[in-house]
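Report on one structure; see the data block that follows.
The values are calculated or read from the model by the stated rules, or taken from the named source; none is laboratory data. Predicted, not measured: the structure shown is a model, and the values here were computed from it. Every residue, glycine as well, gets a Cβ built from its backbone with ideal geometry; the counts of neighbours run over all protein chains shown.
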Amino acid sequence: MNITEIKGNWNVLKGKLKQQYGELTEDDLTFAEGKEDELWGRLQKKVGKTKEEILEEINGI
């Protein structure tokens, strides 16, 4: 899975969440996306690899 696929999956998920929970705002979903970015940053810092390298390892499993 590459970055484009991940972003596409996130956009699909955002759409489904908005349909299911109409009270969610774009700000709520942007906050969640920011948390994802934070997680990637922490992972990169801990393992000393780029996001792409981590994804390659995950996909190779």
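Residues in the range 4-23 that are more than 12 Å from residue 36 (Cβ to Cβ) and hydrophobic (A, V, I, L, M, F, W, C) were compared, and the one that is farthest from the chain's Cα centre (by Cα) is 17. Total residues in the range 1-40 satisfying the condition of being within 21 Å of residue 60 (Cα to Cα) and at pLDDT 85 or above: the figure is 2.
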